Amino acid sequence: MASGGASAPAAPAAPHLATKVELTISCNNLMDMDVFSKSDPLCALYISASGSHWYEFGRTEMILNCLNPKFAKKFVLDYYFEMVQKLKFCVYDIDNNTYDLSDDDFLGELECTLGQICAEEITDNRVANFEVCGRSLDKKFLWWSDPFLEFYKQTETGWQLAHRTEVIYNNLNPTWRPFRISLRSLCGGDVEKPIKVDCYDHHVNGSHSLIGSFKATLAQMLLGTHLSPEEFECLNPKKSRKRNYKNSGMICIKRCQVEKDYTFLDYVMGGCQINFTIAIDFTGSNGDPASPQSLHYINPEGYNEYLNAILAVGNVIQDYDSNKMFPVFGFGAQIPPSWQVSHEFPVNFNPSNPFCAGIEGVVQAYQQCLPQVKLWGPTNFSPIIKHVTHFAKQALHQNAASQYFVLLILTDGVITDMDQTRAAVVEASHFPMSIIIVGVGQADFSAMEFLDSDDKLLRSASGNVAARDIVQFVPFRDFHVSGTFVLLGL
């Protein structure tokens, strides 16, 4: 099922040497749970960090009407040779648009350890950026086709799916969205190794028709430019015996450029200063702090849910912030002395110096702030996002790329200014900035999943598209395991 993107499991307490591995998922002969069509499978990967509790590591894409799916989404994990790392692959038939998998049909699962899987070590961090179009493709249904491409890597056991483009409907001269593929997935880092590209006509029932195929090396594709695209004949074996058959169209590589895909750690080691800003949700939907059911419960004997999240996340992020001085803001509360609702107030009530010394200072400021404010609303994210964007914009004008800003939002999941937040995220995506949203409690976090646009770039209500995906959503209930927090999104 698995052979050898997402983040690694939490690092063990003692120092261990880790090797990065990449998992490719495929399934055969899945159960058909649908009446009028085939199942629409998705595979979710879970990791056991404590021996009994499983947390979700990531998901593949969903494939329509397919009982033998080959998923393009890869999982990259840290492999610790001396540790037993338990994995569980769960396959579901997706029947709706909700993020929750409990209301989808369960098709089956596989439990194993990472050591049992034949995985590929990642030593090459290069990626290839592609711009590809088609020309004069064959008509497969009356006057048109709905073409998409699949790129395959050659392995010892056959061809392995590396990437699948989106479908372009009713178009014989399609231009696909720019995409990138890691060289390890595409050709194992060997630019002279053959790559197979299949062009299909998409069918809703999953029985896609082959338009044609070609094989080429990455070295050949690298020659393509906008002014002089590298063109490859798309050939269909079933038509090759026909008299006067030339091809089923052309696939044109308008751009193929290789670059290094630097990791978060690369930037930190290179001297980039990471600046964390923390924003805490003080809206009324969290519940009355006097009630034990409140996420902001003023607990005389211990911590509430927000304090647990602050400590768990803070103990991770403080290692990456050199001065460990964190500006901390609250939003959605009525604050003294005017008791006006504020969506951007310093938790220490010092506008000229909103910084807290270390995570202990953050905890102390939060505990002192909570009894002095009235939880209110609405829940607006856009003001605090714009606040941090202002500083990220200033850093962009520096001579060296030495500053990066991370906004950490702790919230119970209710959001009321979605259009303004989408616009703020799209603007922020053009600057050295990322946003991590930690969902506290048991609320419906579907709005957060929408902002965390892993499959496609976020679009504002006015139609502007984000330059990159800068939002990562983490449900704290899934990643708070035995006091260890898995930080994603950097």
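The values are calculated or read from the model by the stated rules, or taken from the named source; none is laboratory data. This structure is a prediction, so every number in the text was calculated from the model and none was measured. Here Cβ is always computed from backbone atoms with ideal geometry, including for glycine, and neighbour counts include all displayed protein chains. When the accessible area is computed, the model is the full protein with side chains, heavy atoms only, and any ligands, DNA or RNA have been set aside. Shrake-Rupley method; radii C 1.70, N 1.55, O 1.52, S 1.80 Å.
Considering only DSSP beta bridges with both partners in segment 244-380, what is the antiparallel share in %, to the nearest 5?
The antiparallel proportion sits near 65 percent.
Got a number for carbon plus sulfur as a percent of the chain's accessible area, 1.4 Å probe?
Working: 12070 of 23680 Å².
That fraction is 51 percent.
DSSP bridge analysis restricted to segment 295-438 gives an antiparallel fraction near 60%, rounded to the nearest 5. Solvent exposure of Met33, expressed as accessible area, is near 80 Å², computed with a probe of 1.4 Å over the protein chains only.
The computed Cα Rg over 2.2 N^0.38 Å for the structure shown corresponds, within (1) 2.03; (2) 0.96; (3) 1.07, to (3). For the modelled label position 7 Å from the Cα of Ala357 along Cα-to-Cβ, which residues of segment 303-331 have backbone nitrogen atoms closer than 15 Å? Flagged as within label range: 323-327.
Solvent exposure of Asp444, expressed as accessible area, is near 110 Å², computed with a probe of 1.4 Å over the protein chains only. For segment 199-302, the alpha-carbon coordinates run over 86, 45, 23 Å along the three principal axes, in decreasing order.
Between the residues Tyr55, Cys256, Ile181, the greatest Cα displacement towards the positive end of the dipole of the chain, with unit charges on the Cβ of Lys, Arg, Asp and Glu, is found for Cys256. Counting only DSSP H runs of at least 4 residues, each contributing -39500 (n - 2.57), and dividing by the residue count of the chain, the helix-based mean residue ellipticity at 222 nm comes to -4500 deg cm²/dmol. The modelled label-to-label distance between Thr416 and Met83, using points 7 Å beyond Cα along the C-beta direction, is 4.3 nm.
Tell me the trypsin sites (Lys or Arg not before Pro) within segment 171-264 that lie in a loop according to DSSP and have at most 13 other beta-carbon atoms within 10 Å. Display every interim value, and only then the final one.
Working: sites: Arg180, Arg184, Lys196, Lys215, Lys238, Lys239, Arg241, Lys242, Arg243, Lys246, Lys254, Arg255, Lys260; in loops: Arg241, Lys242, Arg243, Lys246.
Answer in residue order: Arg241, Lys242, Arg243, Lys246.
Among residues other than Asp444 with Cβ under 12 Å from its Cβ, the summed charge is -3 (Lys and Arg +1, Asp and Glu -1).
Leaving out ligands and nucleic acids, note down the accessible area per residue over segment 153-219 with a 1.4 angstrom probe, in whole Å². Provide the component values of the computation, followed by the final result.
Numbers: 3030 Å² over 67 residues.
About 45 Å² of surface per residue is accessible.
In plain terms, the chain from Lys193 to Asn173 could stretch by 4.4 nm, reckoned as 0.36 nm per residue minus the Cα-Cα distance.
So what is the accessible area of segment 322-458 per residue, in Å², with the probe set to 1.4 Å? Could you put the intermediate results ahead of the total?
Details: 6120 Å² over 137 residues.
Accessible area per residue, segment 322-458: 45 Å².
For the set Lys20/Lys88; Lys193/Lys242; Lys140/Lys193; Lys153/Lys238; Lys260/Lys386, the pairs lying more than 25 angstrom apart at their alpha carbons are Lys193/Lys242; Lys140/Lys193; Lys260/Lys386.
Give me the net charge for the shell around His226: Cβ to Cβ below 14 angstrom, other residues only, Lys and Arg +1, Asp and Glu -1. The partial results should precede the final answer.
Working: positive: Lys254, Arg255; negative: Glu131, Glu230, Glu231.
It works out to a net charge of -1.
Spin-label pair Gln368-Gln257: with each label point 7 Å from Cα along the Cα-Cβ axis, the two points sit 5.0 nm from one another.
Mind giving me the FRET efficiency for Trp339 and Ser462? R0 is 25 Å, r the Cβ-Cβ distance, nearest 0.05 is fine. Before the final figure, lay out the partial values.
On the way: r = 34 Å, r/R0 = 1.37.
E(calc), rounded to 0.05, equals 0.15.
Within the chain, antiparallel bridges make up roughly 80 percent of the DSSP beta bridges whose residues both belong there. Neighbours of Asn65, meaning other residues whose beta-carbon lies under 12 angstrom from its beta-carbon, give a summed charge of -3 when Lys and Arg score +1 and Asp and Glu score -1.
Tell me, what is a quarter of the convex hull surface for the C-alpha atoms of segment 73-220, in nm² with one decimal? Could you put the intermediate results ahead of the total?
On the way: hull surface 45.8 nm².
Approximately 11.5 nm², given one-decimal rounding.
Here the label points at Gln273 and Arg180, each 7 Å from Cα along the C-beta direction, are separated by 2.6 nm in the simple model.
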